[in-house]
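Quick notes on the structure that follows.
Since every read-out is calculated from the coordinates, none of them should be taken as a lab result. None of these values were measured; they are calculated from a predicted model. With ideal geometry, Cβ positions are generated from the backbone for all residues, glycine too; neighbour counts draw on all protein chains shown.
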């Protein structure tokens, strides 16, 4: 135990023999560590904020539907004849947190054009509480819960079928009883999704109007959309199924995973670059002390003892650097919590369009605790690799000396 | 060319590098590797962006579209213009690969299998063949000719959903130029398998004669267009296109305006890459600075001795600058070599990113996102590589030389 204490003391003192050099090495490793922690927190918070803003507009965290509503192979396809009622949801607390929707693939006719769109019947009051869809209406107003037979369209769709506020449009589809569903709805608002494709493929009406159009019973609907997912696991039902957003919109999930993977890749590259530089510096430092190692050999210090002292030296330096790095990374993260980063920085001021909708996220960084041990582990790993070559050279040269 | 003195100093610098061959190698290798990794990431993103761009322009969008003003405003197809010799001349004076005049009709089909909105494109088959290779992607039947009457070519996805085969009839519902609801029968001449499922489900092709008869209620015996889709080498000539088309009274739209979602994805990638480059640049400069500094400090005694013998600071600077120059050449050569080998191999084999979605191909904003990315090494990247190496090594060396010479000056 005493010999270990001596070894640590010896190694620690060696570090301060060339304080400037040590400080620069510690600083470069600290800044690298700090940046990686900040960067990972940024990537995680960025993905979370982007998804939060995107999902809170329209898609929601998960949909409760009939088990056969979504096509198993492609969630983009759905069977509109498969409906559910509140009876299938055993946990009644879920009813409070979610909103019912009726979906109707229809054709919408203006004066000169007929286009296929997905008309969604919304529970207006509920949607206003739990989603931000109503904020996308930039011309006219959102649907009035006390009225019926109103419709809001995407701006692009309205342009294409050449309708404006107050105009009536014809909607035609197939009702659930097999009859031809048709109705006349009044345009009360236009939605702006920044030119995304949803602007020309979505339309919204009151929940009851959609039910009436589709000849549905008043207690049946297609989706119950939940905007909160408190636990990682989805609720289970006997006669219904919950489908997460990333299954419904896999392209968005993949985009987010791609950026996350890229961030990890960048982190590894940064550590690799720092490690190479460190390896270089360590090698020079070790060779500079060659005569000292030979003297130690002569007075009885074994090569293994010298090797251990060098390893401890690097370990102490690494630990100091990681400690300060974690503090730097954490402080930078906290700073960016109070001063959020606008993602438009990366797009030259343009809005981000995701899944056909515009999002303007300000990323408020929050620390993710797991990164505070994962990053140090990664750095210790690379630091160990860094030492291998210089140590081999030292051992070889020491053996010649003896 | 160098004079005798400079030639001697150049040789001296080279000998100094060789004196510590291992250390010099390590410094050069660190820089080369960092630069190589950084440029590799850029080339992967360039490859990804190129594939995304290609996928978008191949969804019948083209790099540019010259649109008739009414169509440009509202996609109202009722005022098509003739694709006259004059228009042809105008378009072909620009640096283009191919151009396809197209008429665009929004229609729908309704069957017991369901309903779907379609975009019926009226094309001139021979011109369209030069624009997109759909005629080579027929899995059933044949592509259109300009003589066909009431024939359409549909996508595989539409055929699968509605159980269509070649020879079957499609009842197309649409509003004609007068706004009247019409239902017309068309015969399926061929089924193509091309681009994404969304594309295959949405786009139906017919020739100009059929389209004009359907929508305009008569054939005008000439090629008309709502838009002219243009294939080029990219968007580099956009200002020139814009100036030129402005004079014609038509509207010019780029693929970025027509598919803003994917355009922003590309901008986002570019922003990320710039950020990444800055970080790597700072990291490698900081990391290299210490060993380079130590390298020069080690030579302090030697420099002192030379100084006493009468060698001026000016000459030390020259030696240092020659060393940087030689290190830059070596590192640039090494990183370029690594890059050419690595990217050369990967540009053929590709990098598989399908694992991110359990091997399933992803479609976004109407296009199929590439699962396998083929990195692209361009001349720009080689220039970036050199700039990066010059920056990193120059900063590290010049700073170290400056510090060492300042110390020398103070002591003498």
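List of remarks:
- Theoretical FRET efficiency, 1/(1+(r/R0)^6), r = Cβ-Cβ of residue B:277 and residue B:79, R0 35 Å, to 0.05: 0.10
- C-alpha center-to-center spacing [the stretch B:286-336, the stretch B:33-78] in angstrom: 47
- C-alpha center-to-center spacing [the stretch B:232-270, the stretch A:166-241] in angstrom: 35
- Note on residue A:239 and residue A:74: with the Förster distance fixed at 22 Å, the Cβ-Cβ geometry gives a FRET efficiency of about 0.45.
- Neighbouring partner chain Cβ atoms per residue of B:291-304, average, 10 Å criterion: 3
- Along its first, second and third principal axes, ordered by size, the protein assembly as shown spans 101, 70, 44 Å in Cα coordinates.
- Shielding by partners, peptide A:276-289 (average Cβ within 10 angstrom, other chains): 6
- Average beta-carbon neighbours from other chains, 10 Å sphere, peptide B:66-77: 2
- Highest average first, the peptides A:276-286, A:58-68 ordered by how many other beta carbon atoms sit within 10 Å of their residues are A:276-286, A:58-68.
- Relative contact order, percent, the stretch B:64-231 [alpha-carbon distance under 8 Å, six or more residues apart]: 35
- The alpha carbon centroids of the stretch B:81-100 and the stretch A:112-137 are separated by 42 Å.
- For the stretch A:74-154, share of DSSP beta bridges that run antiparallel, in % to the nearest 5: 100
- DSSP beta bridge pairing in the stretch B:64-231, given as percent antiparallel to the nearest 5: 75
- Contact order relative to length of chain B, as percent, for alpha carbon pairs under 8 angstrom and 6 or more apart: 26
- Summarising the overall dimensions of the stretch B:248-355 from its C-alpha atoms, the Rg and Dmax are 24.2, 78 angstrom.
- Per-residue packing, averaged as other Cβ atoms within 10 Å, sorts the ranges B:114-122, A:84-92, A:216-224 into the order B:114-122, A:216-224, A:84-92, beginning with the highest.
- Relative contact order of the stretch A:62-228, pairs being alpha-carbon contacts under 8 Å that are 6 or more residues apart, as %: 33
- Beta bridges per DSSP, both residues in the stretch A:62-228: antiparallel share near 75 percent.
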